[in-house]
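The structure appears right after this line, and notes come after that.
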């Protein structure tokens, strides 16, 4: 009995001795630096776009940042003619979203709030719809509604282009792939008065000239203004169209005929940098032109109230082509 107890005790002591001499440890310091990854921009609009000035269009875009959208500072949508440089309503449009609270993840309302958007052309329309912010506030997809003005330069020697840029707090600006667009010719005009009343006159009398036919125009190219005359008729009686004239602002009179006659030829408000470019010599930006009408009643002439219709035609005559 005593021998067995001694043997067990010795073995136990040996085991304890082995554990005490083999137990040792050291701490290892570990570090890794996660960089601020640049955002990604996806332009989902298929090009080329065909743009009619003063018509609303939509560009769909997605901006992603693995550091979350709170890191995004600005998003810029650009539409420009030729090269990406500063300009105006003729050739350059930007729509810029600015993060209202950098460092805090933006919400849908931050993208739809017009106060967070700025357009470089004051009369350009901009709004957003269908904004979605998807997992972990790292991606935003939005539809941007916009329009260019009536003076936007029609496509000629180069395309218009568009792309989307995003800038975060630590990286250079990142851009989407460039798309192409074309801008069509545009013309809008109005005649101040659509009626002319020469009043009463005796046969052989000179009619009192009327100059209230003011034409207001907006165009993105050269404009011609022509007038087509017609006989005035009272029952079976006629005053021939050749008894009347139209006068321009330089007091040049043109006798009316039943064929269209150009009264203002090759008109343009401003040349393209002073140099004609591919047939686009200029544009009209709320420009007015006055047509003065007059004439003489034939002698003899039957009594009656003579009426008819004359046509004022305004044409954008620029011929842009690629």
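Structure values in brief
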| item | result |
| --- | --- |
| Residue in the stretch 194-209 that is under 30 Å from the mean Cα position of the chain (by Cα) and surrounded by 12 or more Cβ atoms within 10 Å (Cβ to Cβ) present | no |
| Tally, over the stretch 126-142, of residues that are touching a helix residue (DSSP H, G or I) at 6+ places or on another chain (Cβ under 7 Å), surrounded by fewer than 18 Cβ atoms within 10 Å (Cβ to Cβ) and under 12 Å from residue 69 (Cα atoms) | 1 |
| Scope the stretch 221-249; condition surrounded by fewer than 14 Cβ atoms within 10 Å (Cβ to Cβ) and under 30 Å from residue 156 (Cβ atoms); matching residues | 249 |
| Residue under evaluation residue 215, criteria (1) in a loop (DSSP other than H, G, I, E, B); (2) at pLDDT 90 or above; (3) in the same structural domain as residue 260 (by TED's automatic domain parsing); (4) in contact with a strand residue (DSSP E or B) (Cβ under 9 Å, 6 or more places away or on another chain), criterion not met | (1) |
| Matching residues, the stretch 70-111, being touching a helix residue (DSSP H, G or I) at 6+ places or on another chain (Cβ under 8 Å) and not in a helix (DSSP H, G or I) | 97, 98, 99, 100, 101, 102, 103, 104, 105, 106 |
| Entirely in the stretch 135-208, the strands (runs of 3 or more DSSP E) that have 3 or more residues that are over 22 Å from residue 110 (Cα atoms) | 160-168, 179-183, 187-191 |
| So residue 229, is it within 30 Å of residue 150 (Cβ to Cβ) and touching a helix residue (DSSP H, G or I) at 6+ places or on another chain (Cβ under 7 Å) | yes |
| Residue among 312, 303 that is surrounded by fewer than 17 Cβ atoms within 10 Å (Cβ to Cβ) and at pLDDT 80 or above | 303 |
| Scope the stretch 49-69; condition farther than 21 Å from residue 145 by Cα and part of a loop (DSSP other than H, G, I, E, B); matching residues | 65, 66, 67, 68 |
| Extreme residue, surrounded by the most Cβ atoms within 10 Å (Cβ to Cβ), among residues of the stretch 109-125 that are farther than 16 Å from residue 74 by Cα and in contact with a strand residue (DSSP E or B) (Cβ under 8 Å, 6 or more places away or on another chain) | 121 |
| Some residue of the stretch 73-90 being surrounded by fewer than 15 Cβ atoms within 10 Å (Cβ to Cβ) and either assigned by TED's automatic domain parsing to the domain that holds residue 218 or farther than 18 Å from residue 173 by Cα (or both) | yes |
| Selected residue [touching a residue at least 40 places away in the same chain (Cβ under 8 Å) and touching a helix residue (DSSP H, G or I) at 6+ places or on another chain (Cβ under 9 Å)] from 36, 60 | 36 |
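The values are calculated or read from the model by the stated rules, or taken from the named source; none is laboratory data. Keep in mind that this is a model prediction, so the values were computed, not measured. Using ideal geometry, Cβ is built from the backbone for each residue, glycine included, and neighbour counts are taken over all protein chains shown.
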